[in-house]
């Protein structure tokens, strides 16, 4: 329990196992009277453990046999919060709430049964949480003293971000209804306490269907704030006598798409001051905004900031930069100097790290964003690997990623794309994917090859494409409908959108209708964009990686695609992992997949397949 927080060893070249081992990540940083706490993921065992930092020392609080990870909406988030004398967390194996005292004692279960919990908060002896029971969702509070449960809100399809005002008299949350996603249309709700309990909730914002709201907050005066994209970007607004009013801010997104619960990329201090991270040209910024004055910048050398907290002396964040992986940092509010409290140690010397260059290039009728990583070898025009992120309404960031460095050290350049539809560039850019999945993302993936080839940065005849989940779908569409890539890799990728729609979970139950259309009314559009139905057009070699426990993209999708390619005499290779779900978590499997993908591409190049 009192183990030392160790750093990763430095090496001068990355094997697949070393690249995976360097993928330590942090989440959900919390600050309280007893110190700083965070959740840490380590690839060697796939567990998430809560750490406590105080007086310059960090210790792991999570005992063996426990892992702090929520799976509400399948993607989880908000897996722990602080109580008066310890931490409250969702245990990964049973998805139940547990309380662990700060000093001594094993975690004690507060709940039992089949419900799952996430997006935890704590006020005055009550745990606030999103509760998931099969396909039903609600907001609940659970007493720490007697474990009594109370339903706070139900009836909407989805809930997020329950938060109580400091005086305990106002309860705010975000909710949304099908067929919307949290990044397309949500509602900000507010209930106020009266003599008999909570009054009837009212909708503060989001009545129209063209507004996405996230991260509601209260300041110490109990005023309500949120981020809304009604102005084109997720920006901070404050309640006023006439609804919401904008706060002075940058014309930029102040949050990513809320795929996970518990995000905290901004904190209002009062009506005139707030701390926030925002994105400019894909690069993260951090600053204190005061009305009537310029930002006080705290960005430094970092390019992404998450899970913000602050006290009188320091700003705390989970941050990363192009030369340092994810870290817990403390930034002096006086000197602006950053100190790393945990993580942040790259397994390579700085001169062995390929740095991201901003990509802005034309594609069809739009401009596309991303990052280019040159190879560390001396080839004039090296082969290229195009990375397609999942989501698809997600994003990639210009930070140290050991997987990218693995490729650049082996003679490949990398293009990491934020194709149209990615978050971080405003609502209009994000909405460009509406009914266009399998078209604009594929166009953007193909266009980057021609662009980089024309710039003399890569060999356009030796381009490869890879992606996981939704990124795997873009990969397979690019191989089926365009003759651009020498080979591709699909990691638990979608090959049959209709089959995905039948099998997927509630959170994404209507997402395909937004991305492609109604499966019955727009059946022809689905047929035109289903890689499985066009496997005969794929002539390039393909390698597949699939978890057998995947409930998002079920294994049969991959098996059907592999069979179709084999019947067409296409070079195909497939690897199945019996202990993996959607997205691999075990280090040995991640390393196996990375190494075998590289070996597959080398065979394609060496044997001119």
For this session: Give the angle, between 0 and 90 degrees and rounded to the nearest 10, that separates the Cα long axis of helix 587-607 from the longest principal axis of the Cα atoms of the chain.
Result: 20
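What translational diffusion coefficient, to the nearest whole µm²/s, does region 448-568 have by Stokes-Einstein, given a Kirkwood radius computed over alpha-carbon pairs, a temperature of 4 °C and 1.567 mPa s viscosity?
Working: Rh = 15.0 Å.
Here the translational diffusion coefficient equals 87 µm²/s.
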For this session: For region 267-333 and region 475-505, write down the distance between their C-alpha centroids in whole Å.
Result: 37
Seminar exercise, completed: At the level of C-alpha centres, the distance separating region 396-460 and region 122-199, in angstrom, is 38
Problem set entry | Gained length - residue 281 relative to residue 167, 0.36 nm times residue gap less alpha-carbon distance | 37.1 nm
Exercise. For region 367-497, how big is Rg over Rh, using alpha carbon atoms and the Kirkwood form of Rh?
Worked result: 0.95
Problem set entry | Kirkwood Rh in Å, taken over all unlike Cα pairs in region 354-607 | 18.1
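Order by neighbour count: 333, 304, fewest other Cβ atoms within 10 Å first, most last.
333, 304
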Problem set entry | Sorted peptide list for 565-578, 481-494, 539-552, criterion being average Cβ within 10 angstrom, highest first | 481-494, 539-552, 565-578
For this session: Mind pulling the angle between the C-alpha long axis of helix 555-567 and the longest principal axis of the chain? Nearest 10 degrees, somewhere in 0 to 90.
Result: 10
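Under the rule a/c < 1.5 gives rounded, and otherwise a/b versus b/c splits prolate from oblate, where does region 263-335 land using the Cα gyration tensor?
Prolate.
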For this session: Specify the angular offset, from 0 to 90 degrees and rounded to the nearest 10, of the alpha carbon long axis of helix 470-481 from the longest principal axis of the alpha carbons in the chain.
Result: 20
Exercise. Do the sum for the chain: with -39,500 (n - 2.57) for every DSSP H run of n ≥ 4, divided by all residues, what is the mean residue ellipticity at 222 nm, to the nearest 500 deg cm²/dmol?
Worked result: -4500 deg cm²/dmol
Seminar exercise, completed: For 441, 351, 496, ascending order of other Cβ atoms within 10 Å (fewest first) is 351, 496, 441
Exercise. What nm distance separates the two modelled labels at residue 334 and residue 106, each placed 7 Å from Cα along Cα→Cβ?
Worked result: 4.6
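Read-outs: derived from the displayed coordinates by stated rules, not from any lab. Bear in mind the structure is a predicted one, so any value in this text is a computation, not a measurement. Cβ: placed from backbone, ideal geometry, glycine included. Neighbour counts: every protein chain shown.
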